[in-house]
Amino acid sequence: MNSQTGTPDHADTRVGGGSEIDHLLEETRRFPPSPEFAANAVAGAELYERAQRDREGFWADQARELLHWHKPFTQVLDWSMPPFAKWYADGELNVAYNCLDRHVEAGHGDRVALLWEGEPGDDRRITYAELTDEVKRLANVLTDLGIGPGDRVAIYLPMIPETVAAMLAVARLGAIHSVIFGGFSADSLRSRIDDAGAKLVITADGGWRKGKVSPLKPAVDQALGERNGLGVQETVEHVLVVRRGGNEVDWVEGRDIWYHDVVPQASAEHEAQPFEAENPLFILYTSGTTGKPKGILHTSGGYLTQAQFTHRNVFDLRPESDVYWCTADVGWITGHSYVVYGPLANGATQVLYEGTPEFPEPGRWWDVIEKYGVTIFYTAPTAIRGFMKQGRQIPQARDLSSLRVLGSVGEPINPEAWMWFREVVGAGACPIVDTWWQTETGAIMISALPGVTETKPGSAQVPVPGVSIDVVGEDGQHVGSGNGGLLVITEPWPSMLRGIWGDPERFRETYWEKFESQGYYFAGDGARLDEDGDIWLLGRVDDVMNVSGHRLSTAEIESALVAHEATAEAAVVGAADETTGQAVVAFVILKESYLRQHGPEGLAQQLRTWVGEQIGPIARPRDVYIVGELPKTRSGKIMRRLLRDVAEGREVGDTTTLADTAVMSVISAQVR
Ligand code: ATP
Ligand code: MG
C-alpha cells in the first residue's frame, strides 16, 4: 500500500519495480585478524594497492606469476566487443599441465593431491605424480575414442578421484567438459547432453549416498534410449563407465566401455599440447534457483588465473602444509573452481568426500576433519544451519583444533549462523571468509582477506583485489554508504563467463541489458553498503518484498528469525496482501534442542513479535509457519518462489530443480 494515498499498489517484486531496498538490520560485532595471523598471512593489503594502481597490470602479473604459459601473452584484456571479453588472448597454455605436470616437474610429485574418503569408509591417497599418470592414461584413451579440441564430454559421476581425472583429461586435450550433478535425473541429463551436443559420456555404475548405492549408469541409459525414441540426432558415441557402486548395469555393446578395461592399460606417456587462452574449458549449468538453468561457458587462461589467485589468497593457502577441504560437489561451480582447478593449480593437498554429511551419523563431517587434520574448511550456510539444528554437542565431541580458516559460499550467511560457525566449529579463533560469487563469475568476487579484513558477521564485505563492484539504484548510480540497491560488476574480470552456450542473445539480455549504457554486469542480487562501504548481500532481487511501499530483503528478516533461540533456519517471502500490497510470510525450522524443552505453542506469535523488535514493525511477518523442511535446489539453496506459491494459495510452480520434490506437498499440508 502506498502510505500517502492509502491505495494498495500492486506489489512488483521484479527488477525495475521500485526504489532501493530499505536497510533494516544492524550488526555491530567486529573481528579483526589476530596479530599473528596478519603477520604471517599469504595476502597483505598491498594487493589492493597494486590492483588499484593498474587493474589490468595487476591481472597480467597474476597470470604470469601463477601459471605456466607455453607461449607468453602480450595482450591482457580485449574489451573491444562488449560483452564478449578476451583475456590474455595471444597466450597459450595447457590447463591440465598447470594443475599436474608442473608440480611433478618441480619435485612435488610425492605430495598428496587427493585424500579421498568414500562414504562407506574406504579411502585412497593419491599423489600429484599418481594423478598426473592417471590423467595422461585417460587422455590417451579419450584420444582413441575420437575426442579432440572443442569436443564436448558430459561427466556424470559421484565424488571419486576418477571424476577429477576425467575433468583434467578433457581439459588436457583442449576439449570441453560439462559436468552434470549426480543427483540429476535422466531428463535433466538428457537436456544437458543435448544442449551441449556431447560426444562422450563418462559415468559410473553408481555411487554411495546415505548408505546405499545410488545408480548412475541406468539414468544415462535411459537418457540416451529416450532420445533415440524421440528421433533426435544422437551425438553420443561412447559411454565410459567407472566401477564404483558394484551395482548391476545394462550394457550396450560397441557403445559402452569399462574404465578399468582401458585406462590402466593405456600408455602413461602424454605430452600436454598448448591451447589458446580463450580455448573453451567447460560448460556448466547454473543451480536453477530462479528458473531454467543456463549453460555458462568458461575459457582457460583467465578462468584459471582467477581461480588460482583467489584460492591462494582468500583461503591463506600454504600448499606445503595445509589440508584443505571444500564440501561442494564437483557438479557445481564451487566444485569446479575450489575442488578441481584452484586447489590443483596451487598444488594443494585436499580432502575429497563422496557422501552426505549425516551418514552413518550426523557427525560424519567432523570425523573427516579430525581424521585428516583439515586446516581450511569451505562449506555452505545451508550445511551450517543444518548442523545448528542438530546441536553443538555433535561437533564439540570431535577434535577440530587443526582448523585455521573457515569459508562460506552459496547464500547469504545469517549473522547467527556465522557466529555459530566461528565459535562452535572454529573455537573462536579462525577467520571466516564469506565469499560471494556465481557460476557466471567463475571465481570469488567479494570476500574478506583473512589476514587483512576486520570481519563482520553476515557481510561478504569487499571485492577481491582486481575486481570492481558497485551497488547502484535503478538508474545505475552508486547508492552511497548506508543504502541498498542492485549489485553490479563494473569492469570485466579474468574468470568472467564468455557466454551462454549456444545463446549469445540470452547472454546479453540476462546480464548486460539492464545497465547497457554503463556497461555493467548485473548479478541479479540485491545488496547494501554499510557506513564503511562494506557489502551486505540481501538475496535475489526477484525475492525482494514490497510492504506498504518499503522494499524489504529476504536475507535480513531471515537473519532476525535465525537470531531467535528457537530457530535453526528460516525462509521469508512476500505474499499478495490487500492492505499492504505484499505481506511478509515466514517459514521456520526449529532447533532440536529447543524442541526437547519447549512445545511450539505460541511460538509463531513470539517470532512475529521478535522480528518486530529486532528490525521494526514494518518487517513483522503476517504469518509464521513452523515447518519440518524447506524447498531447496540440489545445491542447497532455498527456492523462495515455491514458498510464495504456497503463501498465496496457488498451485506450486516448476519443481524440477528441487532436491526433493515431495517437500512441497509436506509444506503445503503443514500450512493448511
Ligand atoms: P540460477 O541462476 O539458475 O537461478 P543460482 O543463481 O542458484 O541458479 P549459482 O551460480 O550456483 O546458481 O549461485 C549464485 C548465487 O548464489 C548468487 O547470485 C547469490 O544469489 C548466491 N550466493 C552465492 N554466494 C553467496 C554469498 N556468499 N552471499 C550471498 N549470496 C551468495
Ligand atoms: Mg544465478
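The values are calculated or read from the model by the stated rules, or taken from the named source; none is laboratory data. The structure presented is a predicted model; accordingly, all values stated were derived computationally and were not measured. Using ideal geometry, Cβ is built from the backbone for each residue, glycine included, and neighbour counts are taken over all protein chains shown. These accessible areas exclude ligands, DNA and RNA; they are computed on the full protein's heavy atoms, side chains included. Shrake-Rupley method; radii C 1.70, N 1.55, O 1.52, S 1.80 Å.
The label point for E36 and the one for A604, both projected 7 Å from the Cα toward the Cβ, are 5.1 nm apart. Site pair S517 and H68 shows an inter-label distance of 5.0 nm when each label is modelled 7 Å from Cα along Cα→Cβ.
Mean residue ellipticity at 222 nm, helices only, the chain: -8000 deg cm²/dmol; runs of at least 4 DSSP H residues each add -39,500 (n - 2.57), and the sum is divided by the number of residues.
For region 190-195, 3J(HN,Hα) computed residue by residue from phi via the Karplus equation (6.51, -1.76, 1.60; θ = phi - 60°) reads 4, 5, 6, 4, 5, 4 Hz, glycine and proline entered as x. Reported to the nearest whole Å, the Cα centre-to-centre distance from region 466-529 to region 88-119 is 33. Distant-in-sequence amide contacts of T455, defined by a placed amide H-H separation under 5 Å and a gap of 5 or more residues or a different chain, comprise F31.
Annotation: amide H of L352 within the under-5 Å range of L115, W116, E117, sequence separation 5 or more or interchain, hydrogens built in the peptide plane.
Full extension of the chain segment joining S481 with E613 gains 45.1 nm, where the gain is 0.36 nm per residue of separation less the Cα-Cα distance. Taking Cα centre as origin and charging only the Cβ of basic (Lys, Arg, +1) and acidic (Asp, Glu, -1) residues, the dipole magnitude of the chain rounds to 760 debye.
Ordered from highest to lowest accessible area with the whole protein assembly present and a 1.4 Å probe, L595, L658 read as L595, L658. Taking all protein chains as shown and a probe of 1.4 angstrom, H260 keeps an accessible surface of around 70 Å². Placing unit charges on the Cβ atoms only, positive for Lys and Arg and negative for Asp and Glu, gives region 540-671 a dipole magnitude near 200 debye about its Cα centre. Above 17 Å, the calculated P(r) of region 285-385 contains 56 percent of its Cα-Cα pairs. The slack in the chain from D399 to A576, taken as 0.36 nm per residue of separation less the alpha-carbon distance, amounts to 58.8 nm. Which one, I667, S553, V573, projects farthest toward the positive side of the charge dipole computed for region 540-671 from Cβ point charges (K/R +1, D/E -1)? The residue sitting farthest along the positive end of the dipole is S553. Label positions at K210 and L145, each projected 7 Å from the Cα along the C-beta direction, are separated by 3.0 nm. The percentage of C-alpha pairs in the chain whose separation is greater than 38 Å is 32%. Using the Cβ-Cβ distance between Q75 and E370 with R0 = 56 Å, the FRET efficiency computed as 1/(1 + (r/R0)^6) comes to roughly 0.70. For region 421-509, the fraction of alpha-carbon pairs lying more than 17 Å apart is 61 percent, rounded to a whole number. A DSSP coil position with no more than 10 other Cβ atoms inside 10 Å describes none of the trypsin sites (Lys or Arg not before Pro) in region 320-385. Could you check what % of the DSSP bridge pairs in the chain are antiparallel, to the nearest 5? Taking every DSSP beta bridge within the chain, about 60 percent pair in antiparallel fashion.
Which pairs break 22 Å Cα to Cα here: K136/K210; K591/K637; K199/K294; K294/K632?
K136/K210
Annotation: amide H of H238 within the under-5 Å range of V201, sequence separation 5 or more or interchain, hydrogens built in the peptide plane. Cα centroids of region 576-643 and region 393-419: 24 Å apart. Sparsely packed loop sites in region 566-672 (the GluC sites (Glu not before Pro) outside DSSP H, G, I, E and B with at most 16 other Cβ atoms within 10 Å) comprise E578, E601, E629, E648, E651. Per-residue extension of 0.36 nm, minus the Cα-Cα distance of A268 and R392, leaves a gain of 39.8 nm for this segment. In terms of overall dimensions, the C-alpha atoms belonging to region 540-671 reach 40, 38, 24 Å along their principal axes, ordered largest to smallest.
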